[in-house]
1. Test of understanding: among A:Leu214, A:Leu185, A:Leu227, A:Leu191, which residue is more than 14 Å from every other protein chain (Cβ to nearest Cβ), modelled with pLDDT of 90 or more, buried (at least 16 other Cβ atoms within 10 Å of the Cβ) and under 24 Å from A:Gly154 (Cα atoms)?
2. Starting from the stretch A:78-99, keep only residues that are without any contact (Cβ under 8 Å) to a residue 24 or more places away in the chain, then list their pairs with residues that are in a helix (DSSP H, G or I) whose Cβ atoms are within a distance under 6 Å, requiring at least 6 positions of separation or different chains.
3. Can you find a residue that is free of Cβ contacts under 8 Å to residues at least 12 places away in the same chain, farther than 30 Å from B:Tyr35 by Cβ and in a loop (DSSP other than H, G, I, E, B) anywhere in the stretch A:212-235?
4. Quick one: A:Ala209 ticks every box in (1) farther than 18 Å from A:Ser123 by Cβ; (2) of a type outside the set (Phe, Trp, Tyr); (3) within 16 Å of the chain's Cα centre (by Cα) except a single one, so which number is it?
5. Checking the structure you have, find out if any residue of the stretch A:163-182 is under 30 Å from B:Val172 (Cα atoms) and small (Gly, Ala, Ser).
6. Out of the helices (runs of 4 or more DSSP H) lying entirely within the stretch A:1-119, which hold 2 or more residues that are in contact with a Phe, Trp or Tyr (Cβ under 7 Å, 6 or more places away or on another chain), within 14 Å of chain B (Cβ to nearest Cβ) and over 25 Å from A:Ser164 (Cβ atoms)?
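The values are calculated or read from the model by the stated rules, or taken from the named source; none is laboratory data. Quick caveat, the model's predicted, so the values are computed rather than measured. Don't worry about glycine lacking a Cβ; one is built from the backbone with ideal geometry, like all the others, and counts go over all protein chains shown.
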Amino acid sequence: MNNVWAIAWKELRSYFLSPIAYVVLAGFLLIMGFMFWNMLAQFSRFVAIYSSMQQPGMMEQLNLNDMVITPLLGNMTVVFILIMPLLTMRLFAEERASGTDELLLTSPVSTLEIAFGKFFGASLFLAVMLGLAFVYPAVLMYFGNPEIPQILTGYLALFLLGMSTIALGLFASTVTDSQIVAGVLAGGMMLMLLLINWPADAVGESMGAVLRYLSITEHTTDLMRGLIKVEDIVYYLSLISIGIFLSQRSLESLRWR
Amino acid sequence: MLACLVRIPVGNRFFHNQSVEERLMIEVDRLTKFYGNHAAIRDVSFTAEAGQILGFLGPNGAGKTTTMRILTGYMPASSGTARVAGYDVFEESRDVRQRVGYLPENPPLYREMTPFSYLSFVAQIKGVERGDRRAAVQRALEATAIDDVASQPIGTLSRGYKQRVAIAQAIVHDPEVIVLDEPTIGLDPKQVIGIRKLIKGLASDRTVILSTHILPEVTQLCDKVVIISRGEIVVEETTDSLTAAEDLEHVFLRVTASDVVADEEAAAEQYETADAADPETEVADPPEEDAPAPDSSAGDER
């Protein structure tokens, strides 16, 4: 556990010592801010239109959660899939390219500890990212009264999705010493998981159900609406476990070449 | 499993009572490593005692790095066994890795970290207790004379400093066995002298495997010389008896002759191929049907 923490802490510090952390954070917050501003502007336009209609009950249909937060976080899933590989691609590919893998693999540290250390290091960075992104709902809380539990489950969905991307991206980063290849692999895997339910209606009932279950979109929707379902949590935990397991196997195989 | 349980005390308790010189810290027995069908090393055997500096020599590509990687627990051998500090490098890899300091060919440095934070990290993953870590890092910084740059990013340091940070990394956890792959490369003469002194000092109660191409360094520092050529050990002798009759350079050239001849043959072959592909000679003499295809890389090298 001590080793896991040592590697995770080193990883988190490395992010902030290289420009990548600041570029990713700035890009992420900028895109999210732009989306937020657009949705909020649209929301206030609706408020203006509805209030001019002077019909009782119309205003009650306007809801900050449904019209701003849920669509914002829903769009952020796509942004996440594009941005997270930038954070995961260096995790092990860089070690291999610079020869520091030789230090890690000749230290009294197991490959599972390395995999978990890397995973937690990147997850801590993700937590920082989402923490900073909480400024947008905070604005809503100050000026309006959105439902806070629903916001929290929405952020939980993004956090779980981000951790899944980290686990799979970590695996991608262990199979190559090229960061570009690792990044493209990670992005490709996540994009495929996002789109995999597209043919669901065409391939028959049972196969369609499988494809739907595999898709990321199926497992973010309810969480972002404020509904925590065990099957969704299990889905993300499965992706994370598979990613860490494959990473550990891949790291172990480095020894046998 | 039982064998493991029996073996551990042999390495640790029993030999501790004997004089330091007689304690075998490195026992390599018929080690073979295949990469695909190619044997990088074949039946490599040698030993080193506590307090010894062992010079590990050989032409490039002879299998030095492969042997050192197996001894440091980086990768397992295809067959044969090796024991370091009394532990089997495969069965008790973690115990070995805790007791070995390793300077690989490419210094394993994180460019964005400072020597201080880097060495703290290494000490941590090498299992140095939290309370002892600061002192261990300070000791390594001072031993390699890099304490003046301890808080500058490693990426901004000169090559000599980087090399010494990498050496500090190998000794920060006070290992019983230290494996150094060309430690003085990239250092200026003054720094070379400093590092040699450091290695000499380290060996008083530890075992050092020193791989280098600088032969005077070996005669100066090493108690024992092992020469590997084309994957096989060709010399294992004390430095004194080896250099009694002729100097080390001659010994090296003689025992690695087959390696050198092979290199020359390969070079000559390449030269001939390039010659045949030379367009000017082809004008006078039409090329044969089965003449080797023009090889641009071979042509460039002429």
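1. Criteria check complete, one pass: A:Leu214.
2. Partner pairs satisfying both residue conditions: A:Glu95/A:Asp101.
3. Within the stretch A:212-235, one or more residues are free of Cβ contacts under 8 Å to residues at least 12 places away in the same chain, farther than 30 Å from B:Tyr35 by Cβ and in a loop (DSSP other than H, G, I, E, B).
4. Just one mismatch for A:Ala209, condition (3).
5. yes
6. Output list reads A:101-105.
Residue-wise test of (1) surrounded by 19 or more Cβ atoms within 10 Å (Cβ to Cβ); (2) within 12 Å of another protein chain (Cβ to nearest Cβ); (3) assigned to a helix (DSSP H, G or I).
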| residue | (1), (2), (3) |
| --- | --- |
| B:Asp132 | no, no, yes |
| B:Ala136 | yes, no, yes |
| B:Glu142 | no, no, yes |
| B:Gly186 | no, no, no |
| B:Ile195 | yes, no, yes |
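Yes/no matrix, rows are residues, columns are (1) surrounded by fewer than 15 Cβ atoms within 10 Å (Cβ to Cβ); (2) under 29 Å from A:Phe116 (Cα atoms); (3) under 21 Å from the mean Cα position of the chain (by Cα); (4) among the aromatic types (Phe, Trp, Tyr):
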residue: A:Asn3; (1), (2), (3), (4): no, yes, no, no
residue: A:Trp9; (1), (2), (3), (4): no, yes, yes, yes
residue: A:Arg13; (1), (2), (3), (4): no, yes, yes, no
residue: A:Leu17; (1), (2), (3), (4): no, yes, no, no
residue: A:Ala41; (1), (2), (3), (4): yes, no, no, no
residue: A:Ser44; (1), (2), (3), (4): yes, no, no, no
residue: A:Tyr50; (1), (2), (3), (4): no, no, no, yes
